[in-house]
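All of the numbers you see were taken from the coordinates with simple rules; none came from a lab. Nothing here was measured: the structure is a model prediction, and the numbers come from that model. Cβ placement follows ideal geometry from the backbone for every residue including glycine, while neighbour counts extend to all protein chains displayed.
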Amino acid sequence: MAIVDQSYQPWSGDLQPRRRRIGAMVRVGIRQAYAGLMAKILLLSTYLMVFGTIGILFIASTFQQSVAIVSGNNIYRFYLGSIFPTGILIMTLAALVGGRSIANDLRFNAVSMYFSKAITRTDYLVGKWATVSAFLLSGTLVPALLLWICQWAISREEISAGSRAMDLLALTGHSLVIVLPIAMYALALSSLSRNAFVPGILWVMTFFGSIIVSGILTERVEEDWCKLVSWHNLATRLGEALYEKRVVKVQALGSNLMPIEGTMPYPWYVPAAILGGITLVSALFVLWRMRKFEGQE
Amino acid sequence: MSDAVIRADRLNKWYGSVIALNDVSLEIPPGITGLLGPNGAGKTTFMRIAIGLLRPSSGAVEVAGEDPWNNLAHNLRTGYCPEHDGFYEWMTGRAFVRWLLRLRGRSRAEARDGAHRALERVRLLDAADRAVGTYSRGMRQRLKIAQALAHDAKLLFLDEPLTGTDPLVRAELIDLIRSFEREGRSVLVSSHVLHEIEALTRSIVLFHRGRLVATGDIHEIRSLIDRHPHSVSVRSSRARELAAALVRDETVAEVSIPAERSLLVRTRRPDEFYGRLPQIALELGCEVEEVSSPDDNLEAVFRYLTER
């Protein structure tokens, strides 16, 4: 053979760190997630509802000394802890975005595009998890932050800056407790099929099924452990644990606490272990499935 | 020690109970090498093992002296153009190549410049800012090649890069691939069409049903295939007129019309036929949308090679 040119020059630049490479993956994933019409409508509805609530509360607070839901950390605690709208919203967004995350890569043969680059299987998992989590946080953390700011503006209580900072940490932690296990579980389901519809349906069945089964068991068996069956209860109990110290201070101020569904007489580490276990098993399942992808493209 | 860029030693790969590669040992030299075989022969599996996308069930493979599995340095030196499209259709061609360069660890500026150079190289700059979903088959093939070479890969793996392209695009892509060799890169290119590989290189590797059947000079294989009629499938909106013109041509042995807009031509002189087809289409003023070669004729050669 005649090689006459030989002008090839290998690249000699610096390889960007792993976090940058994963970051590039996450940015594209989030753009893709926001491109969905249904996801846009759901998020827009949530924000309209949050801003509507803020408006009503603002008007109410101008006529009353104290509105119960604005007292202490009630407003964002209630937002993050309620099945409606937050539970349903996150369930639907996870079904839409988490469900199609890996399924679409399988469907469009995009997995090899990642693995033939400087992206390992672990990087891929972390990137997908970060993508789905970041997207779901726009339905939990961002509205909760808006409500936190609103509470500061509307409430007539004198709450120290330290308590407000603790609230901020608590609502951030609560949002993560809701989102991270759901995102990883949705990815595990997403790795099962090339059809994004299947994991979405499986996730909705898991979420609703756990609530229904927990309700039936609680009714029939009447034991405390029955509440642990509900996914929503587990996240809510963990969230409550994050607000615990702050709750005492609100009570000291004499404000009413809003009742949050799903509280249970178990220490925080019990639901933490269950949700942590689900997340870990889901992550291992995705990594195992990625070995199975080999022959699928 | 030889200067082989890829070396496989008793390589096996199973998908469950299906054997995709069966005891393959070979050495692939620098330059362009054609990986030839019918669909399902194990070409893609071999390529994916050499890229590091698959782990062999047993045996070993070395690419540039290294094990490709889970090897970041290897990924940075190699470029892969997969057979199937793996695009996010909503992205523009430019954004797609730039994004993949970011996944390869390039900075924002390097990714921007690298994407521009690669798209220019494959002559896709005019359509670079259009969504990939609007691209034709030929443009998609060019884009896949662009992303494979954008990071200055030393070794390129091109899986069926000419499939489904029209004669003009095919000629351009062949020129492009040959230019990689002139620059000093090595290219492993797969196809199930002997004629395509012949236009690229003389060095070929033949796979059949997961086994290595032959390696070496294409001319030896050529003499075998010329004993069998060569089938060429042609798609055109004026298939009947084209068939009438082709049947009068001396290079054509037989023409049939298996479906609307589709012709199946059998020829014993494929080289001449491939040269004549564009001329005849031009004279008629009819557009040829796609030219492909079914496996049948190649199967005959493989049968000969495996049964002799």
Stretched fully, the stretch from A:Met49 through A:Asp14 gains (0.36 nm per residue minus C-alpha distance, one decimal, in nm) 7.9 nm
Per-residue average of other protein chain Cβ atoms inside 10 Å, peptide B:8-16 -> 1
Within 10 Å of the Cβ of an average residue in B:143-153, the count of other chain Cβ atoms is 2
Expressed in nanometres to one decimal, the distance between label points 7 Å along Cα→Cβ at A:Val198 and B:Leu168 is 4.2
Most packed first (mean Cβ within 10 Å per residue), the peptides B:8-15, B:78-85 order as B:78-85, B:8-15
Among the DSSP H helices of chain A, those whose Cα atoms extend at least 15 Å along the helix axis and whose mean Kyte-Doolittle hydropathy is -1.0 or higher are A:18-34, A:37-63, A:121-154, A:161-190, A:197-220, A:231-252, A:269-292
Connecting every pair of Cα atoms under 10 Å apart in chain B and solving the GNM, the largest mean-square fluctuation among B:Thr165, B:Thr33, B:Thr92 falls on B:Thr92
Shape call for chain B, from the Cα gyration tensor axes a ≥ b ≥ c (a/c under 1.5 means rounded, otherwise prolate when a/b beats b/c, else oblate), comes out oblate
Per-residue Cβ contact counts at 10 Å, fewest first, order A:Phe84, A:Phe208, B:Phe96 as A:Phe84, A:Phe208, B:Phe96
What helix-only [θ] at 222 nm does chain A give? Using -39500 (n - 2.57) per DSSP H run of at least 4, over all residues, to the nearest 500, the answer is -23500 deg cm²/dmol
Cβ-Cβ cut-off under 10 Å around A:Trp148, Lys and Arg +1, Asp and Glu -1: the net charge is 0
Across the protein assembly as shown, qualifying lysine pairs (alpha carbons under 27 Å, at least 8 places apart or different chains) come out at 19
Under the helix-only model (-39500 (n - 2.57) for each DSSP H run of 4 or more, divided by the residues of chain B), the mean residue ellipticity at 222 nm, to 500 deg cm²/dmol, is -12000 deg cm²/dmol
Here the residues of region B:5-42 lying in the modelled label zone of B:Trp69, meaning backbone nitrogen under 16 Å from a point 7 Å along Cα-to-Cβ, are B:7-16, B:20-24
Cα-based Rg/(2.2 N^0.38 Å) for the protein assembly as shown, rounded to two decimals, is 1.21
Per GNM of chain A with C-alpha springs under 10 angstrom, the most fluctuating residue out of A:Leu180, A:Leu15, A:Leu284 is A:Leu15
Across the alpha-carbon set of region A:18-295, Rg over Rh with Rh taken as the Kirkwood radius works out to 1.00
